[in-house]
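Reading through the structure tokens given below for one structure.
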Amino acid sequence: MYQPRFYREWINRELKKFNVAYRETDLLVLADQKRAEFCFNIVKGLRQVLDRYSVAHPFFLKSLVPVRVTAQAPLAVRQMAASAAAVGVGPLAAVAGLFAEQVGRQLLNYSREVIVENGGDVFLSLEKDCKIAIFAGENSPFQDQLALKLSAAQTPLGICTSSGTFGPSFSLGRADAVTVLSPSATLADAAATAAANQIRVKGDIDRVLAWAQGVEGITGIVVIKDDQIGLWGEVELTGRQSSSLPRSGKENG
């Protein structure tokens, strides 16, 4: 079911802003110039690739565990499979990050700065520092309070969130929010799901932070459960006021 993406109204960035929608995919894109048709064609092409592959391999998008694919599989399929396998989840957990990353990286051929948001999962490449709010749900004691402070030098970067207490994300855990940073938004998406799956009580936070440190490609993580926050890596928390871009629980697609 579609969830209103209220957080898109929080964005404060001097870039051209446009939406790209195709079937379940609904992207918000910010760039130096508006290239909606270009981005739409990328999204449509990716979706067609995944649809064709899933017809021949119906388990690919249904499995909750890693799926082995051959070297002859399409690149997008291999990227999703590899990212999911790295953290022990099914390939679908990487799909939102994949779409955001593929659109963003190709758009960088035409724009110095790019932000692509896909249901709260983000790929961005910036020339100026920014803040990205972390949304942990309306019942969180940290509601509307927290943001990640990011330097332009950290980008290109994927920032993806999963939650077990709000939003349409499928999660086996009860985390209010797990936000993962990685140069690969595809990996960040899968890792956010994997980490959130492991959080049921506040005592799980330290174990999940240690787990994240062992995954190659993860550069930072923030875990919020009830009234506690855990963080590791290249993350700096600050107040949410004047955030450049919001965070939310992820939506597939």
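How far is the Cα center of segment 23-50 from the Cα center of segment 107-165, in Å?
Their Cα centres are 18 Å away from one another.
Can you pull out the GluC sites (Glu not before Pro) in segment 70-156 that DSSP calls coil and that have at most 16 other Cβ atoms within 10 Å?
Loop-located and lightly packed - GLU127, GLU138.
Give me D for the chain in µm² s⁻¹, whole number, from Stokes-Einstein with Rh from the Kirkwood sum over alpha-carbon pairs, 4 °C and 1.567 mPa s. Could the numbers behind the result be given before it?
Values: Rh = 17.7 Å.
Using the Kirkwood radius from Cα pairs, D works out to 73 µm²/s.
Counting helices only, and only those DSSP H runs with n ≥ 4, report the 222 nm mean residue ellipticity of the chain as the sum of -39,500 (n - 2.57) divided by its residues, in deg cm²/dmol to the nearest 500. Don't jump to the answer; show the numbers that get you there.
Values: 5 runs with 69 residues, N = 253.
After summing the helix terms and dividing by the residues of the chain, the value is -9000 deg cm²/dmol.
Keeping to pairs on different chains or 8 or more places apart, tell me how many lysine pairs in the chain have Cα atoms under 15 Å apart. Write down the numbers at each step before the final one.
Numbers: LYS16/LYS34; LYS17/LYS34; LYS128/LYS149; LYS131/LYS149; LYS202/LYS225.
Lysine pairs meeting the criterion: 5.
In the chain, once you exclude exposed chymotrypsin sites (Phe, Trp or Tyr not before Pro) (DSSP loop, at most 13 other Cβ within 10 angstrom), what's the longest stretch remaining?
Between the exposed loop sites, the longest stretch runs 111-253.
When ASP51, ASP121 are ordered from fewest to most other Cβ atoms inside 10 Å of their Cβ, what list results?
Ranked by crowding around the Cβ, least crowded first: ASP51, ASP121.
With a 10 Å Cβ neighbour count serving as the proxy for reagent exposure, in which order, fewest first, do ASP144, ASP176, ASP26 appear? Don't skip to the answer; put the middle values down first.
Working: ASP144 16, ASP176 27, ASP26 19.
By the 10 Å Cβ count, ascending, the order reads ASP144, ASP26, ASP176.
Sorting LYS128, LYS34 on the 10 Å Cβ count, fewest up front, what's the list?
Fewest to most other Cβ atoms nearby, the residues stand as LYS128, LYS34.
Just so you know, all these numbers are worked out from the coordinates, no wet-lab data involved. Quick caveat: nothing in here was measured; it's all calculated off a predicted structure. Here the Cβ is made from the backbone with ideal geometry for all residues, glycine too, and neighbour counts use every protein chain on show.
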